[in-house]
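Enquirer: Once you've had a glance at the structure underneath, I'll fire off some questions.
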Amino acid sequence: MSSYIVPVALKEVTSDGISGRDDIMDLEKSSYRVGDWAKDVMKQKAYVVSNGKTYKPVVLCGEDFTDDERVTSNIRKVAKGMRLITPPAELARLLRKSVSDEKIAAMGLWWLIVMHEPITDSDGDPDVLGLNRRGGGRWLDACDGSSGDGWGRGCGFVFLAPQD
């Protein structure tokens, strides 16, 4: 791993108070693709929304970690050492609306994984939400959020910048 990782800043986003259930319909109506497990996560009680909160997201790029280091527990440890903040799950849907697939591609990535606390899906698995540009693009999907889960080099990991 590079001894000096520089987070990439994304455009600030502000929460809008729209529930997960309502936002699923809004995303799909606007031609975004929402995976079944993302829908499941967004319907869970642990998926909480706010209204009027501004978030300053930053990305740690997967290529800045070796293959052995690119596991959830280590990525969280590195972020904590950088004083980055664990984001809320709602950040994923807010980013999906504001970050284009072209922006993700320009970063050399396929996925932006929002590193919120995992939410247990209806099968009992811990999931995190992410943006992805696969298969026609504009996806909001869910991924395994287990601490030992490994990630590919084409993933970026979204946290929040330290508060001023």
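The values are calculated or read from the model by the stated rules, or taken from the named source; none is laboratory data. Worth saying up front: this structure is predicted, and the values here are computed from it rather than measured. Every residue, glycine among them, receives a Cβ derived from its backbone with ideal geometry; neighbour counts consider all protein chains shown. Surface accessibility is based on the protein's heavy atoms, side chains included, excluding ligands, DNA and RNA. Shrake-Rupley method; radii C 1.70, N 1.55, O 1.52, S 1.80 Å.
Enquirer: Can you pull the three principal axis extents for the Cα set of the range 97-158, in Å, largest first?
Expert: 34, 21, 19
Enquirer: While we're on this one: For the range 98-137, calculate the relative contact order in percent as a whole number, restricting contacts to Cα pairs under 8 Å that are 6 or more residues apart.
Expert: 39 percent
Enquirer: Tally up the carbon and sulfur contribution to the accessible surface of the range 1-147 as a whole percent, 1.4 Å probe, everything protein left in place.
Expert: Using a 1.4 Å probe with all protein chains present, the range 1-147 comes out at 48 percent carbon and sulfur.
Enquirer: Next question, about the same structure. Kindly report the accessible area of the chain per residue (heavy atoms of protein chains, probe 1.4 Å, no ligands, DNA or RNA), in Å².
Expert: Per-residue accessible area for the chain comes out at 49 Å².
Enquirer: Please state the charge dipole magnitude for the chain, taken about the Cα centre, from unit charges on C-beta atoms (+1 on K and R, -1 on D and E), reported in debye and rounded to the nearest 20.
Expert: 460 debye
Enquirer: Another question, then. Give the Rg/Rh ratio for the range 49-113, taking Rg as the radius of gyration of the Cα atoms and Rh as the Kirkwood radius, to two decimals.
Expert: 0.97
Enquirer: Mind ordering 82-89, 28-35, 140-147 by average Cβ neighbours within 10 Å, highest first?
Expert: 140-147, 82-89, 28-35
Enquirer: For the range 35-63 and the range 84-99, compute the distance between their C-alpha centroids and round to whole Å.
Expert: Result: 5 Å between the Cα centres.
Enquirer: Could you work out, for the range 1-75, what percent of all Cα-Cα pairs fall into each 10 Å distance bin, beginning at 0 Å and stopping at the bin that holds the largest distance?
Expert: Going from the shortest bin to the longest, the percentages are 16, 30, 35, 19, 1.
Enquirer: Kirkwood Rh over alpha-carbon pairs of the chain, then Stokes-Einstein at 4 °C and 1.567 mPa s: what D in µm² s⁻¹, rounded to an integer?
Expert: In µm²/s, the coefficient rounds to 83.
Enquirer: Could you tell me the relative contact order of the chain? Use alpha-carbon pairs under 8 Å, at least six residues apart, and round to a whole percent.
Expert: 31 percent
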